[in-house]
């Protein structure tokens, strides 16, 4: 089996280039997700992805290095670049993690925005604020990143001139969340 595997990769053919390219894309995409997940505290999934990543890396790099050609090197490098890009796109699509949204709205619309957010399952804390020219309401909303667009759309629909700031967060302790339509834990 090893003999067939080594002979196959020693060939300098388009099928070998395609396998190297696809395997490198897969490896680097998995690596990008692993790093992001570990940074977000998801060590168990990160461990599993690391196992896949290193297995792919050993298989691909050992076969590229032992019989290096220009096309194998190009496919390896291009696969790396595409893998980084696809990994970041995938992470954005998955929208893993939590987010703290701060919305600064007019005093007039503060309660309406907060109540609409609450009706849609978001926990909201309101603080009185003072802008340069008028009183303001500062709203704090904690949610999953996947729900951040929903919250932002609610805020800007009611008050298009609202200042909305988002911060990634790692942990939350205590607080109120709706049991029916919860954008924090789904």
Going by the structure shown, is residue 162 surrounded by fewer than 15 Cβ atoms within 10 Å (Cβ to Cβ), under 13 Å from residue 104 (Cβ atoms), assigned by TED's automatic domain parsing to the domain that holds residue 103 and touching a helix residue (DSSP H, G or I) at 6+ places or on another chain (Cβ under 6 Å)? no
Pairs, please: C-beta under 8 Å, at least 6 apart or cross-chain, first residue within 14 Å of residue 14 (Cα to Cα) and in the range 57-74, second assigned to a loop (DSSP other than H, G, I, E, B)? 69/12; 71/12; 72/12
Note on residue 42: of the conditions (1) in contact (Cβ under 8 Å) with a residue 24 or more places away in the chain; (2) assigned by TED's automatic domain parsing to the domain that holds residue 138; (3) out of contact with any helix residue (DSSP H, G or I) (no Cβ under 8 Å at 6 or more places or on another chain); (4) surrounded by fewer than 18 Cβ atoms within 10 Å (Cβ to Cβ), unmet is (2)
Flagged in the range 109-134 as in contact with a strand residue (DSSP E or B) (Cβ under 8 Å, 6 or more places away or on another chain), touching a residue at least 24 places away in the same chain (Cβ under 8 Å) and either crowded, with 18+ Cβ neighbours inside 10 Å or outside any strand (DSSP E or B) (or both), in numbering order, are 109, 110, 111, 113, 114, 117, 118, 122, 123, 131, 134
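The values are calculated or read from the model by the stated rules, or taken from the named source; none is laboratory data. None of these values were measured; they are calculated from a predicted model. Note that we place each Cβ from the backbone using ideal geometry, even for glycine, and neighbour counts take in every protein chain shown.
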